[in-house]
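Student: I'd like to ask some things about the structure below.
The values are calculated or read from the model by the stated rules, or taken from the named source; none is laboratory data. In this text the structure is predicted, and so the values were computed from the model without any measurement. FYI the Cβ positions are ideal-geometry reconstructions off the backbone, even for glycines, and counts take in every protein chain you see.
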Amino acid sequence: MAARILVVDDDSALLDALPETVRLRLEDVEVETCDSAPEALARIESNDYEVIVSDIKMPGMDGLALLAEIKQRRPSTPTLLITGHGERDLAVAALRGGAHDLIQKPIDRDYFVASLERAIQLRELDRRVSEQREALERHAQVLDHVGDGVFLVDDGGVVQLWNPAAAAITGLSQEAVVGRPAESAIPGWGAIVPVVHVAASPGDRDGAFEAFPVELEGRELWLSVSGVRFGDATVYAFRDLTAERAIDDLKREFLATASHELRTPLAAIYGAAMTLRRRDIEVNEEDRDRLLGVIAHESDRLARIVNEILVADYLDSGRLRIDPTGLDPVKTATEVVNAARVVAPESIAIELEAAADMPAVTADREHLRQVLVNLVDNAVKYSPDGGRVTVRIEDRGPSVRFSVSDEGIGIPPNQQTRVFDKFYRLDPDLTRGVGGTGLGLYICRELVRRMSGRISLVSSPGEGSTFVVDLPAAPRSDASSRPHEIRASAFPQPL
Ligand SMILES: Nc1ncnc2c1ncn2[C@@H]1O[C@H](COP(=O)(O)OP(=O)(O)OP(=O)(O)O)[C@@H](O)[C@H]1O
Ligand SMILES: [Mg+2]
């Protein structure tokens with residue numbers, strides 16, 4: 001595209017001669033002329049000229065005033081000013097005002113054309129620089145907004161760029177990392193860099209994104225890192241896989257504990273059944289009852305484990321039906337406590353405390369029973385040295401409170417929210433010999449939540465724990481909402 005030049009002069013002879021000179025000597029240039037500063041301003045308003053050439057001395061608005069306006073409206077347009085011979089003061093004022101060059105009268109055509117050419121080149125360069133700056137700014141903004149950590153390490157091993165996601169994931173700020181050797185700024189980098197895959201180009205996906213553990217301020221992060229060569233530097237991108245790893249670990253742990261949990265009762269059932277079947281041993285009535293008791297009890301345990309896994313799956317997939325009705329809280333709790341007494345070790349006493357006149361609670365019968373069973377089961381299980389387990393029911397106005405307290409091993413404060421997480425167990429290696437799938441409290445929390453209630457925990461290690469469940473009381477005005485409990489179960493019943 002032709003470079004457009006505007007020449008401003010009140011001298012009509014010059015206005016004719018200059019464009020001709022330019023056209024003859026420069027290619028791809030279009031020259032427009034006008035004979036006053038105000039007209040020039042009007043044109044500049046709607047046209048972005050490559051270069052403007054103006055006489056200084058003009059009637060009305062002079063070239064210096066025009067220059068000042070151009071600086072305001074088109075700051076990147078170079079302006080050449082024409083001065084008379086010996087007008088030193090004007091020349092100085094023009095340069096101070098930001099003129100690109102001065103052209104002295106009488107005009108030396110070679111000088112004028114050379115100066116104009118330089119101005120056109122300068123404008124072109126200026127334009128390219130700002131385009132590149134804009135492109136760079138856009139790229140930098142993209143890096144600011146990607147979710148992956150991105151950083152650039154030059155061949156001297158110094159970090160040159162560290163995007164906000166990198167800072168957010170690692171907790172290492174830009175100031176702490178940029179300009180420093182990667183090995184000292186990023187903990188563990190020295191061990192990672194020899195093994196991380198660095199591709200020659202972005203398309204090369206071989207072995208990309210391997211996960212590495214990085215210890216940052218006492219936290220272990222699992223980061224998947226990959227690199228791409230980039231001139232005399234390497235760009236690394238990384239992603240935080242810590243949460244995914246934790247879920248994977250939990251799943252692995254769950255499979256290990258669940259299969260252990262299933263195998264133990266199965267072995268007991270198998271052993272009892274085989275003994276009963278043997279014809280070579282005389283089994284008396286008492287032993288027969290005991291062995292059948294083992295089979296019944298262990299089958300019940302198996303069914304409970306399978307039931308927990310099923311309920312957790314139902315909860316996760318949103319398929320669990322909740323059917324709240326007005327229930328007698330004392331009746332439900334009594335059933336749970338009576339059943340628990342049968343199976344609990346003799347050294348553990350299970351008590352139920354409730355005022356005589358309890359309001360009905362709005363809950364799903366089967367789910368409330370499951371919550372209480374899980375809590376009482378835990379209270380018994382984690383009270384290894386005997387002690388008392390108390391189920392208390394209180395009228396709390398708009399809600400009914402069930403609390404299950406024990407005098408067992410307790411739960412350290414920093415684990416008290418985590419115990420409600422799926423598969424979470426304080427003692428996954430079964431060092432205490434107490435098994436479980438880690439689903440019990442997760443199920444409690446989810447069921448209580450879905451019944452519009454709250455579950456919380458107060459515990460001191462070594463002293464015991466109290467799990468508190470608040471569920472909405474049934475509306476008192478409704479006489480029919482007094483305990484009635486007829487409804488089919490939404491999920492498989494234990495045997
Ligand atoms: N009353 C309690 N006293 C001490 N620790 C407890 C108590 N209740 C739960 N915990 C801790 O919380 C963890 C999670 O409990 P949760 O009931 O979810 O799983 P679990 O009892 O291990 O297995 P299950 O799925 O068979 O119930 C337990 O492993 C135990 O470490
Ligand atoms: Mg449990």
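Student: Can you tell me which residues in the stretch 214-267 are acidic (Asp, Glu) and not in a helix (DSSP H, G or I)? Don't jump to the end; show me each part of the working.
Tutor: Just the residues of the stretch 214-267 that are acidic (Asp, Glu), to begin with: 215, 217, 220, 232, 240, 244, 248-249, 253, 261.
Hits for the stretch 214-267 are 215, 217, 220, 232, 240.
Student: Still on this structure, please answer the following. Would you mention how many residues in the stretch 2-38 are out of contact with any strand residue (DSSP E or B) (no Cβ under 7 Å at 6 or more places or on another chain) and without any contact (Cβ under 8 Å) to a residue 12 or more places away in the chain?
Tutor: 6
Student: Let me ask something else. Can you find, within the stretch 425-434, the residue that is modelled with the highest pLDDT among those that are within 6 Å of ligand 1 (Cβ to nearest atom) and surrounded by fewer than 22 Cβ atoms within 10 Å (Cβ to Cβ)?
Tutor: Within the stretch 425-434, the subset within 6 Å of ligand 1 (Cβ to nearest atom) is 425-427.
Adding the requirement that they be surrounded by fewer than 22 Cβ atoms within 10 Å (Cβ to Cβ) leaves 426-427.
On the way: 426: 85, 427: 74.
Looking at the filtered set, the residue picked out is 426.
Student: Could you give me the residue pairs with C-beta distances under 7 Å whose first residue belongs to the stretch 247-272 and is in the same structural domain as residue 309 (by TED's automatic domain parsing), whose second residue is more than 16 Å from ligand 2 (Cβ to nearest atom) and of a type in the set (A, V, I, L, M, F, W, C) wherever it lies, and which are 6+ apart or on separate chains?
Tutor: Pairs found: 268/294; 269/295; 272/291; 272/294; 272/295.
Student: Pick from the stretch 281-333 the residues that are of a type in the set (Val, Ile, Thr), outside any helix (DSSP H, G or I) and modelled with pLDDT of 85 or more: which of them is surrounded by the fewest Cβ atoms within 10 Å (Cβ to Cβ)?
Tutor: 322
Student: On the given criteria, is residue 99 among the aliphatic types (A, V, I, L, M) and surrounded by fewer than 18 Cβ atoms within 10 Å (Cβ to Cβ)?
Tutor: So residue 99 fails the test.
Student: More than 20 Å from residue 221 (Cα to Cα), touching a Ser or Thr at 6+ places or on another chain (Cβ under 7 Å) and in the same structural domain as residue 216 (by TED's automatic domain parsing): which single residue out of 178, 158, 198 fits that description?
Tutor: Details: 178 fails: touching a Ser or Thr at 6+ places or on another chain (Cβ under 7 Å); 158 fails: touching a Ser or Thr at 6+ places or on another chain (Cβ under 7 Å).
Exactly one of 178, 158, 198 is more than 20 Å from residue 221 (Cα to Cα), touching a Ser or Thr at 6+ places or on another chain (Cβ under 7 Å) and in the same structural domain as residue 216 (by TED's automatic domain parsing), namely 198.
Student: Mind checking which pairs have a first residue in the stretch 294-315 that is within 17 Å of residue 345 (Cβ to Cβ) and a second that is in a helix (DSSP H, G or I), Cβ under 7 Å, 6 or more apart or different chains?
Tutor: Close Cβ pairs (under 7 Å, with a partner that is in a helix (DSSP H, G or I)) amount to 294/268; 294/272; 297/343; 298/265; 298/268; 298/269; 301/265.
Student: If we keep just the residues of the stretch 351-361 that are surrounded by fewer than 21 Cβ atoms within 10 Å (Cβ to Cβ) and closer than 26 Å to residue 308 by Cα, which is nearest to ligand 1 (Cβ to nearest atom)?
Tutor: Residue satisfying both the conditions and the ranking: 351.
Student: Kindly establish whether residue 50 is free of Cβ contacts under 8 Å to residues at least 60 places away in the same chain, under 21 Å from residue 127 (Cβ atoms) and touching a Lys or Arg at 6+ places or on another chain (Cβ under 8 Å). Before the answer, list the steps.
Tutor: On the way: free of Cβ contacts under 8 Å to residues at least 60 places away in the same chain: no; under 21 Å from residue 127 (Cβ atoms): yes; touching a Lys or Arg at 6+ places or on another chain (Cβ under 8 Å): yes.
Answer is no for this residue.
Student: Continuing with the same structure: Which condition breaks for residue 391 when tested against (1) within 21 Å of residue 337 (Cβ to Cβ); (2) of a type in the set (Val, Ile, Thr); (3) within 9 Å of ligand 1 (Cβ to nearest atom)?
Tutor: Here residue 391 clears every test but (3).
Student: I've got another one for you. For residue 423, state whether it is within 27 Å of the chain's Cα centre (by Cα), more than 11 Å from ligand 2 (Cβ to nearest atom) and of a type outside the set (Lys, Arg). Lay out the reasoning, then the answer.
Tutor: Numbers: within 27 Å of the chain's Cα centre (by Cα): yes; more than 11 Å from ligand 2 (Cβ to nearest atom): yes; of a type outside the set (Lys, Arg): yes.
Spelling it out, residue 423 is indeed within 27 Å of the chain's Cα centre (by Cα), more than 11 Å from ligand 2 (Cβ to nearest atom) and of a type outside the set (Lys, Arg).
Student: What's the number of the condition residue 306 fails, among (1) among the β-branched types (Val, Ile, Thr); (2) under 22 Å from residue 439 (Cα atoms); (3) more than 16 Å from ligand 1 (Cβ to nearest atom)?
Tutor: Every condition holds for residue 306 apart from (3).
Student: When the stretch 435-453 is examined, which residues are found to be more than 6 Å from ligand 1 (Cβ to nearest atom) and not in a loop (DSSP other than H, G, I, E, B)?
Tutor: 443, 444, 445, 446, 447, 448, 449, 450
Student: Scan the stretch 445-462 and tell me whether some residue there is within 13 Å of ligand 2 (Cβ to nearest atom), under 26 Å from the mean Cα position of the chain (by Cα), at pLDDT below 95 and farther than 15 Å from residue 409 by Cβ.
Tutor: Looking through the stretch 445-462, none of the residues is within 13 Å of ligand 2 (Cβ to nearest atom), under 26 Å from the mean Cα position of the chain (by Cα), at pLDDT below 95 and farther than 15 Å from residue 409 by Cβ.
Student: Mind listing just one residue for me: the one in the stretch 373-392 that is crowded, with 21+ Cβ neighbours inside 10 Å and away from ligand 2 (no atom under 12 Å from the Cβ) and, of those, farthest from residue 476 (Cα to Cα)?
Tutor: The extreme case among them is 383.
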